[in-house]
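One structure is given here, and the rest of the page talks about it.
Nothing in this text is a laboratory measurement; each read-out follows from the coordinates by a stated rule. Keep in mind that this is a model prediction, so the values were computed, not measured. Quick reminder, even Gly has a Cβ in these numbers, built from the backbone with ideal geometry, and neighbours come from all protein chains shown.
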Amino acid sequence: MARRLLIAGNWKLHKTVEEAVALAGDIAAGLMRDDLDVLVIPGFLSLEPVALSLSASPVLVGGQNLFWEDQGAYTGEVSGPMLKACKAEQVIIAHSERRLYFNETEKTAAKRVQAALKAGLTPLLCVGETLGEREADQTDGVLESQLAGGLAGLKPAQAEKLIIAYEPVWAIGTGQTATEEQANRAHAFIRAWLGACFGKQVANQCRILYGGSVKPENAAGLMRQKEIDGALVGGASLQAESFLGIIEAA
Ligand code: PEP
């Protein structure tokens, strides 16, 4: 079964509610393809307004993070049921910026993955090596430990719902994209790991997105790679023109 491409835009800490709704509207209005999935991931405050504004559009909406408890005395956190109530369908987990600036670990990634599944959200788990790790030939080992940690305790029936994003840290927001070959090789490694851990069917079903300075100019080449099932886009998702350009090129 062919995997359907997914182009996701992570808006990070950008856009007021009004700006986010306007951007979502421009993306929905300019979307000319129905043979792939499109996902936008605004900040929490914009989630529901964006989702409501997209209710007549095929564009999906997701969250940038979630906490593992459903409710309680956890000031500043957002839970899976809260995201779900705002009509989110996917949630990013363990983005490298969360690992770097907010001390997220494999252990907390695993708790978030479980919480997302419990809430009926699709976890979009981010993995990827730093430049130092790549140069020290540690890429496979890093990917393996991030996958084993973040997906600890999952059963195959749960794992088939996952989306993995391979995001080499050195390519995020730097303008330096992994080559098609580097990206495809890392994706193949991730798929083989999923196969060994959860079985071939799960591995064939899971979408693995590439993230790291994806632009309209490099999207076609990356998306043509056998193991690449879409893109997680940061900077270029903040303008409708460049995000739609990636979608068109994919
Ligand atoms: C990201 O943060 O997930 C990302 C891939 O960012 P950028 O496209 O800006 O490199």
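Of everything in segment 210-250 that is more than 10 Å from the ligand (Cβ to nearest atom) and among the charged types (D, E, K, R), the residue that is nearest to PRO42 (Cα to Cα) is GLU241.
Taking residues in segment 85-106 that are among the hydroxyl-bearing types (Ser, Thr, Tyr), and partners anywhere that are crowded, with 18+ Cβ neighbours inside 10 Å and part of a helix (DSSP H, G or I), the pairs with Cβ atoms closer than 7 Å and at least 6 places apart or on different chains are SER96/VAL169.
If we scan segment 61-83, do we find a residue that is surrounded by 15 or more Cβ atoms within 10 Å (Cβ to Cβ), within 16 Å of the ligand (Cβ to nearest atom) and of a type in the set (Gly, Ala, Ser)? Within segment 61-83, one or more residues are surrounded by 15 or more Cβ atoms within 10 Å (Cβ to Cβ), within 16 Å of the ligand (Cβ to nearest atom) and of a type in the set (Gly, Ala, Ser).
I'd like the full set of residues that are closer than 21 Å to GLY221 by Cβ, over 15 Å from the mean Cα position of the chain (by Cα) and of a type in the set (A, V, I, L, M), limited to segment 184-200.
As a first pass, look at segment 184-200 and keep what is closer than 21 Å to GLY221 by Cβ: 184-191.
Filter once more, so that each one left must be over 15 Å from the mean Cα position of the chain (by Cα): 184-186, 188-189, 191.
Answer for segment 184-200, where residues must be closer than 21 Å to GLY221 by Cβ, over 15 Å from the mean Cα position of the chain (by Cα) and of a type in the set (A, V, I, L, M): ALA186, ALA188.
Each residue in segment 108-131 was checked for being under 12 Å from ILE92 (Cα atoms) and under 13 Å from the mean Cα position of the chain (by Cα), and 8 pass. For segment 1-28, the candidate set comprises residues that are in contact (Cβ under 8 Å) with a residue 40 or more places away in the chain and loosely packed, with under 14 Cβ neighbours inside 10 Å; within that set, the residue that is nearest to the ligand (Cβ to nearest atom) is ARG4.
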